[in-house]
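*Asks:* For reference, the structure I am asking about is given below.
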Amino acid sequence: MVSVAQLEVLRAGSAPRVVLVHGSVVGARRTWRHQLELAARWGLTMPNRPGFGSSAPLARGDFELEAPLIAALLGDGAHLVGHSYGAVIALHAAALSPAAVRSLTVSEPGCLRVACGDPLVDAQIAGGELLYKRAQELEPLEFLRAFRGGVGSTHETPGELTGELLEGVRMLMRERPPWESDPPLDSLGVAGFPTLVISGGHSAVFEAVCDAVAGRLGARRAVVSGRRHTIPATGQPYNELLDSFLGAAERRIERPGT
């Protein structure tokens, strides 16, 4: 098991604190590189998930095992932001420490089963399960291309995988699939903190998932297009939305009862 002390945590700026949780394949530095400008107004806490950067590894990435680590980083209070697999982790972390969550923002969480019954969502889950069943038969590059094609990532995939990217794909191939997640959305919806759900406007599957998550959370719903699933890489549009949402959440905290 990994402790929070064994995580590499990148920091920039000062209070109010914002904990940002990256997804699969690439770590905090690459995922949140466009958000560093927010450090002028916010204290960014950007952990590398287990196995990324110099963080101690788990035998297998798992949203339930990683959620307590993120919950611990909230301390006595912080805004929580997650993208993709990191959004799934953020949902579970918020449920573990709701009193420490000043606001919650998630973009295209992979908890697809929240929208099961939608034919396109069900087909995506079936395709993902088949991909993971074949993981041992595929080379990492083949697996990554199939995975990124399925989620709509716009990260550039080189012709040859090396270094951190190769290790990130190897972790992805043994990661617990995010569609196994059943986050406690109804309890999060009455927890009292503001919530924001963002999609990239590129996938009927993720639109359905984000609509379902937002509906059960009672969340603000937004679309930030231009980079498909890789929403934080839009830079300014994502940053302006997040900055505005966090600012409103802070003003709400300063005026309790509003």
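The values are calculated or read from the model by the stated rules, or taken from the named source; none is laboratory data. Since this is a predicted model, take the numbers as computed values, not measurements. No Cβ is skipped: glycine too gets one built from the backbone with ideal geometry, and neighbour counts run over all protein chains shown. Surface areas here come from the heavy atoms of the whole protein model, side chains and all, with no ligands, DNA or RNA. Shrake-Rupley method; radii C 1.70, N 1.55, O 1.52, S 1.80 Å.
*Asks:* Considering every residue within the stretch 166-175, establish whether at least one is farther than 21 Å from residue 62 by Cα, surrounded by fewer than 20 Cβ atoms within 10 Å (Cβ to Cβ), touching a Pro at 6+ places or on another chain (Cβ under 9 Å) and not aliphatic (A, V, I, L, M).
*Replies:* Within the stretch 166-175 (the criterion being farther than 21 Å from residue 62 by Cα, surrounded by fewer than 20 Cβ atoms within 10 Å (Cβ to Cβ), touching a Pro at 6+ places or on another chain (Cβ under 9 Å) and not aliphatic (A, V, I, L, M)), the answer is no, since none of the residues qualifies.
*Asks:* Using beta carbons and a limit of 6 Å, which pairs, at least six apart or on different chains, have the first residue in the stretch 202-223 and touching a residue at least 24 places away in the same chain (Cβ under 8 Å) and surrounded by 19 or more Cβ atoms within 10 Å (Cβ to Cβ) and the second one in a helix (DSSP H, G or I) and β-branched (Val, Ile, Thr)?
*Replies:* 205/121; 208/121; 212/114; 213/114
*Asks:* Additional query: Tell me which residues, restricted to the stretch 244-258, are crowded, with 17+ Cβ neighbours inside 10 Å and more than 19 Å from residue 76 (Cα to Cα).
*Replies:* 245
*Asks:* Something else: Mind listing whichever residues of the stretch 124-135 are without any contact (Cβ under 8 Å) to a residue 24 or more places away in the chain and either open to solvent by 60 Å² or more (accessible area, probe 1.4 Å) or over 17 Å from residue 176 (Cα atoms) (or both)?
*Replies:* Within the stretch 124-135, 130, 133, 134 qualify.
*Asks:* Please verify whether the stretch 136-144 includes one or more residues that are within 23 Å of residue 64 (Cβ to Cβ) and touching a residue at least 40 places away in the same chain (Cβ under 8 Å).
*Replies:* Within the stretch 136-144, not a single residue is within 23 Å of residue 64 (Cβ to Cβ) and touching a residue at least 40 places away in the same chain (Cβ under 8 Å).
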